[in-house]
Each structure stands twice: as structure tokens, then as C-alpha cells.
1. For the subset of the stretch 225-240 comprising residues that are farther than 13 Å from Ser87 by Cα and of a type in the set (Val, Ile, Thr), which member is surrounded by the fewest Cβ atoms within 10 Å (Cβ to Cβ)?
2. Hey, any hits in the stretch 99-117 for a residue that's modelled with pLDDT of 80 or more and under 30 Å from Met185 (Cβ atoms)?
3. Go through the residues of the stretch 205-212 one by one and say whether even a single one is modelled with pLDDT of 75 or more, loosely packed, with under 13 Cβ neighbours inside 10 Å and more than 30 Å from Leu53 (Cα to Cα).
4. Looking only at the stretch 132-165, which residues are at positive phi and modelled with pLDDT under 75?
5. Which condition does Glu71 not pass, out of (1) at pLDDT 80 or above; (2) within 25 Å of Gly235 (Cα to Cα); (3) of a type outside the set (A, V, I, L, M), if it passes all the others?
6. Can you give me the number of residues within the stretch 15-51 that are at pLDDT 80 or above and either outside any helix (DSSP H, G or I) or of a type in the set (Gly, Ala, Ser) (or both)?
7. Based on what the data block shows, is Ile126 modelled with pLDDT of 80 or more, more than 22 Å from Leu25 (Cβ to Cβ) and β-branched (Val, Ile, Thr)?
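The values are calculated or read from the model by the stated rules, or taken from the named source; none is laboratory data. Note that the structure is a prediction, hence the values are computed from the model and not measured. A quick note on method: Cβ atoms are made from the backbone with ideal geometry, for glycine too, and the neighbour counts reach across all protein chains shown.
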Amino acid sequence: MDAALLSPWLTSFGLILCRVTGLMLGLPVISFEIAPLLGRAALAALISIALSLGMPTLETLHILPIAMLLELIYGLCMGFVVRLSLSAAEMAGEIIAMQMGFAMAKMVNPMSKEPVSPITSLIVFITGILFFVSNGHHEILRVLAGSFYISPPGGLTLENNWYLVLLMLGGELFWASLRIAAPMMIIIFATYLSFALLTRMAQQLNVWAMGFLATIGVGLGGFLIFMPALVSEIGNMVSRSTETLGRFVGL
């Protein structure tokens, strides 16, 4: 590469690398400690090189550190949008676990290093698989590449409705978690109601001990029965997460 073009290309590469790094730090799974740090750094560098080769070179900026900081923050916001969209699955898992009696049976998730219930771990694991099986990572790369045409490196501009996207995303988070957990909540509520009626009819029975075991059994059985519906709803949530990211960057 010509020396005259090397400095502008390095400037463009540095700005792109900051946005890509911020995105990877905010994404689920990739940002977890289970992903090797060296592998994440190499992946960010390769993606940045590939994107910088297709971008027009920039002149050297006088406020390059500020521009790099803004690109890093923008990338973090993009990753946060995706992570917040997929957090509905984790919230749904906590709702189901609380209804089934697993609220106190928490263990440390080896990926996120956070205490979660076994049901939540299973749902998060399913979400991660569906994210990659449905080519969600490809869609994120497509949106990332498109974001540089909407907001070029060093010329960052946010759409006027970006805050509306975040507000709508917050409301969608609770609604999506309820859609995922609704079948389990209904059958567990029916179980509670059945034992409440049984308590009125046979007050000598140890309904508390029976109800605890029955709730877990009915919950696990219902989890298996409604698994196709849960997987379908989680898949739709994964698709909406990439669409929300596209609206956030203005695509």
C-alpha cells in the first residue's frame, strides 16, 4: 500500500475497529468470559480489516481520540440493543422457575458468571443455539456493514428516532417474556387452583408437600409438551432482535 494512503487507511481501520469492538463487547455469548479473549480480539481485527477494505479512506482527524471513543460507545449501544432483545428469554426463564418453585435453586451460569435457575439456563442455551442456527450472527454483520454507510467512520450521526427504538424495545422486552412464559404460567396456575380446591375438600391431606412435588412434575411435563411453541417464540424473538438493531442504526 502506498505510504500516502497508509495513514488515512489506518485512521479508518482504527475507527471501524472501535465500533466492531464495542459491538462484540455488548453482544451476548461473544462477550461472555467463555469466549477466549485472544479469539475475540482476532475476530474483531479480521472483521475490521474486511470492512475497512470496502470503505473510502479518511483524512487524518484532529480529534481522533474523541472519534474513536464515540465509535466505541456506538458499538456498545448496538450490542446492548441485541442483548436487551434477547434478555426476554432470560426473564421468561426466571418467571417460569419462580412459578415451578425453582426460585431458590440457582446456580452460576458458566457463560455469564451470573446466578440463574436451571430453567433459565436451559432457555438461554436454547436461545444461543437458535441465534446461530437462524444465522443471527450473519444478520448482525450485515447491519454492522450497513451502519457504516448510514454513519461513516468518524462521521457518526444518530437517527432522530433512535431513542424511540430503545423505548419500544423496553416495552417489547416484557411483552416477549410473557409470550414465552404464558403456556407454563397457565398450567402451573391451574395446578395451584386444583390444589386450592383440594384443600377445601380434604383438609386432612398434606397439600403443601404434595403440591410442591406436583408443581415441579407438572411444570417439567408441560415444559416438554410446550417445547415446540417455546422454541418457535424464541426463534421469532431472535429474528426481531436483528430487525430492531436495523431500525436503531437507521436501515
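1. In this case the residue turns out to be Ile225.
2. Among the residues of the stretch 99-117, not one is modelled with pLDDT of 80 or more and under 30 Å from Met185 (Cβ atoms), which makes the answer no.
3. Pass one, the stretch 205-212, residues modelled with pLDDT of 75 or more: none.
So far as the stretch 205-212 goes, no, none of its residues is modelled with pLDDT of 75 or more, loosely packed, with under 13 Cβ neighbours inside 10 Å and more than 30 Å from Leu53 (Cα to Cα).
4. Here is the first cut: in the stretch 132-165, the ones at positive phi are 135, 154.
Result: Gly154, single match.
5. Only one criterion in (1) at pLDDT 80 or above; (2) within 25 Å of Gly235 (Cα to Cα); (3) of a type outside the set (A, V, I, L, M) is unmet by Glu71, namely (2).
6. 7
7. Judged against the criteria, Ile126 is a match.
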